Number of protein chains: 2
Amino acid sequence: MDDGRPPGQAAGEDGRKRRARPGEGAIRMRDVAERAGVSAMTVSRALNTPDRVSPAIRRRVEEAVGAIGYVPNRLAGSLSSSRSNVAGLVVPSIRNTLFSDTIQGISDVLHGHGYHLMVADSAYSPQEEEALVTAFLAQRVAGLVLHNTTHTPALRALIRRSGVPVVENGTLADDPLDMVVSYSNVDAARAMTLHLVRLGYRRIALVTLPLANNERSLERRRGHAAALAEAGLPADPRIMLEMPPGLPSGCEAIMRLLEITPAVDAVFFAGDVLAVGALLECQRRGVAVPGRIAIASFDDVDLLRHLNPGITTVRLPRREVGRRSAEILLDRIAGRSQERVRVDLGFEIIQRAST
Amino acid sequence: MDDGRPPGQAAGEDGRKRRARPGEGAIRMRDVAERAGVSAMTVSRALNTPDRVSPAIRRRVEEAVGAIGYVPNRLAGSLSSSRSNVAGLVVPSIRNTLFSDTIQGISDVLHGHGYHLMVADSAYSPQEEEALVTAFLAQRVAGLVLHNTTHTPALRALIRRSGVPVVENGTLADDPLDMVVSYSNVDAARAMTLHLVRLGYRRIALVTLPLANNERSLERRRGHAAALAEAGLPADPRIMLEMPPGLPSGCEAIMRLLEITPAVDAVFFAGDVLAVGALLECQRRGVAVPGRIAIASFDDVDLLRHLNPGITTVRLPRREVGRRSAEILLDRIAGRSQERVRVDLGFEIIQRAST
DNA sequence: TTGTACGCGTTATCAG
DNA sequence: CTGATAACGCGTACAA
């Protein structure tokens, strides 16, 4: 109601035909220019490259901007300059806590450099991912971060043609689209299984998330299998389970394993919060952990440390993956680098009382 | 300028494309038009309003689009039409699991209507929120969702002037910017405390997150106080704690309460995963729950149900908050509604073994 | 240091 | 149903 609009900027009455537009009179750079008594170009410079404008004019412009409440139109700016300050991120599931840390890392770094983030959710579907990336390219994002590393051929072609920098996050891909910041899921799973072997366990079950459309799960299974082979232990398919995400899956998995193969002495839950569900179920049923059965997890969720017993796990540098991804993306966008960087951030085995 | 394109073969086979701009050869609508033998305007129509184009031409255009891999430029489109298909969301913390459900809800609905989401993180700072909203407005977002309901005056002015639809999520605000989809934090906290009173508890402690810049915490405390007053119970400031987020805070809080005031017989943790930390600490120390002390929580995280004992809590319709927010935002954007909607999605007390 | 002319790629408008 | 043309608001490339 208190819109103090100076009469001078009522409209661009320069005689040209103006389109009837639904929205209010959006304030343009030209309006700021008029009020400051300079050209629009000078306003642009005062805003984007302040040092290329005399201090006096800079102040006049800033004043005018504040007075009429001008908010630059980045759509027009990006269109004109072919430069965008938005990056796109596709994760398999927004809701899943595990990705939140990475998103936060990306967001922090991007934001620190004046960039913004568009986030979308592929629901683990490569087709959906392709659609989302197309949409992001339509928005002319400056760069992309993808968590999945399995893509449709069309997606790969799209990326190649578009030339946008891309970082993949989910695993150290063999055939990356472009850049990669991650850790080796194979090595991490292998390391954990070998760790269990060293602790003396001999019948080590594996529980993963569904393998379809999830290269992480596949790789973790490969790592587990490799470790068993190295240790000279048999790989029993009956104790290799695939379960949907969620706590109840963990409960169910461990019960099934105890029934099916009483000889099982350790279970490696290679994903989600399955291990938590399993431990809680054991507590309910009075199954001793690690006395009767040992439990190991993947991904050091905060909770694992606080349970009784604490759960042994693989710590992944999720936040750092996000940060580094954003950093190398920005490097490439700024032309500071041309390389197809491949960063292995490693992992760490955290031994706790559950094994 | 290291353009890998040999100057000799810059031109295509069919047209005379004399554009030799370095960087990338962005394919434009005009290129599709040439290949399909129609005008650019017809391509635009074939893509956006297919029924307003003859089937034959529609097919020709679709073919051309596929053949040359055209990806529309939404920047140009939005600039021209003053219509954007991007919405902006500001949450206090991306990392916090509690917001993920809401984000997922928003994302799902928006995506189903061809919209995309830009997400940013205010770190609970109203100033930061103001900066982010300004940036979103610069991107000409079609609508905004804000979780916080405490804003700077400048933010309020900005929103009012810009005319973008806004939905606030965090609580049923008294003086909303525009639309609200939420639940009453006051009522929810009051209901839980009264529930505890009904169960026979008389010294009911309250643990909240820091009150600064967090209207939700403030309101929950008000609700708790109101309930105590109604029940004729004294409000003892010594058992009203403010703790930072995180499991360890819960551990610390409950230990302090048991020491400070042994008479405490119940603790209401009104935020984050504090209650989980508290319960785990009790288990470690052999404190009987609810025998020695009862524990109640706020927000029905999946885990609460699976702990032993299960933790009594207030269930909030977080996902639905996201969905409804997106829906009414889209309604307003599409001009289907002009009202300043206010939706109270309510809450539910979930009684479990911990109380 | 500041200004002018033009184009970025698309859509609204209106003519045919 | 289709096309020509003029904006949309800003930045690049020069000119002054």
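The values are calculated or read from the model by the stated rules, or taken from the named source; none is laboratory data. Since this is a predicted model, take the numbers as computed values, not measurements. With ideal geometry, Cβ positions are generated from the backbone for all residues, glycine too; neighbour counts draw on all protein chains shown.
Condition test on A:Ala142, is it touching a helix residue (DSSP H, G or I) at 6+ places or on another chain (Cβ under 8 Å), more than 9 Å from every other protein chain (Cβ to nearest Cβ), closer than 25 Å to A:Arg74 by Cα and not aromatic (Phe, Trp, Tyr)?
Working: touching a helix residue (DSSP H, G or I) at 6+ places or on another chain (Cβ under 8 Å): yes; more than 9 Å from every other protein chain (Cβ to nearest Cβ): yes; closer than 25 Å to A:Arg74 by Cα: yes; not aromatic (Phe, Trp, Tyr): yes.
It is true that A:Ala142 is touching a helix residue (DSSP H, G or I) at 6+ places or on another chain (Cβ under 8 Å), more than 9 Å from every other protein chain (Cβ to nearest Cβ), closer than 25 Å to A:Arg74 by Cα and not aromatic (Phe, Trp, Tyr).
If we keep just the residues of the stretch A:188-208 that are surrounded by fewer than 21 Cβ atoms within 10 Å (Cβ to Cβ) and touching a helix residue (DSSP H, G or I) at 6+ places or on another chain (Cβ under 8 Å), which is nearest to A:Pro126 (Cα to Cα)?
A:Ala191
State which residue is nearest to A:Asp31 (Cα to Cα) when the search covers only the stretch A:95-106 and only residues that are more than 9 Å from the chain's Cα centre (by Cα) and at the interface with chain B (Cβ under 7 Å from one of its Cβ atoms).
Step by step, filter the stretch A:95-106, then rank; the result is A:Arg95.
Checking the conditions here, which among B:Val181, B:Val167 is more than 17 Å from B:Leu132 (Cα to Cα), crowded, with 24+ Cβ neighbours inside 10 Å and either touching a strand residue (DSSP E or B) at 6+ places or on another chain (Cβ under 6 Å) or not assigned by TED's automatic domain parsing to the domain that holds B:Leu211 (or both)? Talk me through it step by step, then tell me what you get.
On the way: B:Val167 fails: more than 17 Å from B:Leu132 (Cα to Cα).
Going through B:Val181, B:Val167 in turn, just one is more than 17 Å from B:Leu132 (Cα to Cα), crowded, with 24+ Cβ neighbours inside 10 Å and either touching a strand residue (DSSP E or B) at 6+ places or on another chain (Cβ under 6 Å) or not assigned by TED's automatic domain parsing to the domain that holds B:Leu211 (or both): B:Val181.
Let's see how each residue does on (1) among the acidic types (Asp, Glu); (2) at pLDDT 95 or above; (3) out of contact with any strand residue (DSSP E or B) (no Cβ under 9 Å at 6 or more places or on another chain); (4) part of a helix (DSSP H, G or I):
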{"position": "A:Ala229", "(1), (2), (3), (4)": "no, yes, yes, yes"}
{"position": "A:Pro234", "(1), (2), (3), (4)": "no, yes, yes, no"}
{"position": "A:Ser249", "(1), (2), (3), (4)": "no, yes, no, yes"}
{"position": "A:Ile254", "(1), (2), (3), (4)": "no, yes, no, yes"}
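Please pick out the residue among A:Ala36, A:Ala40, A:Ala46, A:Ala64 that is modelled with pLDDT of 95 or more, among the small types (Gly, Ala, Ser) and under 21 Å from A:Gly114 (Cα atoms).
Details: A:Ala36 fails: under 21 Å from A:Gly114 (Cα atoms); A:Ala40 fails: under 21 Å from A:Gly114 (Cα atoms); A:Ala64 fails: under 21 Å from A:Gly114 (Cα atoms).
Criteria check complete, one pass: A:Ala46.
Give the residue, chosen from A:Thr134, A:Thr152, that is touching a residue at least 12 places away in the same chain (Cβ under 8 Å), more than 30 Å from A:Val43 (Cβ to Cβ) and either of a type in the set (Lys, Arg) or facing another protein chain (nearest Cβ under 10 Å) (or both). Before you say what the answer is, go through the steps one by one.
Details: A:Thr152 fails: either of a type in the set (Lys, Arg) or facing another protein chain (nearest Cβ under 10 Å) (or both).
None of the others qualify; the one that does is A:Thr134.
A:Ala123 versus (1) touching a residue at least 24 places away in the same chain (Cβ under 8 Å); (2) within 10 Å of chain B (Cβ to nearest Cβ); (3) not in a loop (DSSP other than H, G, I, E, B): which is the lone unmet condition?
(3)
Considering only residues of the stretch A:69-79 that are assigned to a helix (DSSP H, G or I) and surrounded by 19 or more Cβ atoms within 10 Å (Cβ to Cβ), which is farthest from the other protein chains (Cβ to nearest Cβ)?
Pass one, the stretch A:69-79, residues assigned to a helix (DSSP H, G or I): A:74-79.
Narrowing the set further to residues that are surrounded by 19 or more Cβ atoms within 10 Å (Cβ to Cβ) leaves A:74-75, A:77-79.
Working: A:Arg74: 5, A:Leu75: 5, A:Gly77: 8, A:Ser78: 5, A:Leu79: 5 Å.
Per the stated criteria, the residue is A:Gly77.
Give me the strands (runs of 3 or more DSSP E) completely within the stretch B:282-355, filtered to those with at least 3 residues that are under 25 Å from B:Asp108 (Cβ atoms) and in contact with a Phe, Trp or Tyr (Cβ under 7 Å, 6 or more places away or on another chain), ordered by residue number. Quick ask: steps written out before the conclusion?
Details: elements: B:294-298, B:312-315, B:342-344, B:348-350.
Counting at least 3 such residues, we get B:312-315.
Being in a loop (DSSP other than H, G, I, E, B), under 30 Å from A:Glu129 (Cβ atoms) and within 16 Å of DNA strand C (Cβ to nearest atom), is that true of even one residue in the stretch A:85-96?
yes
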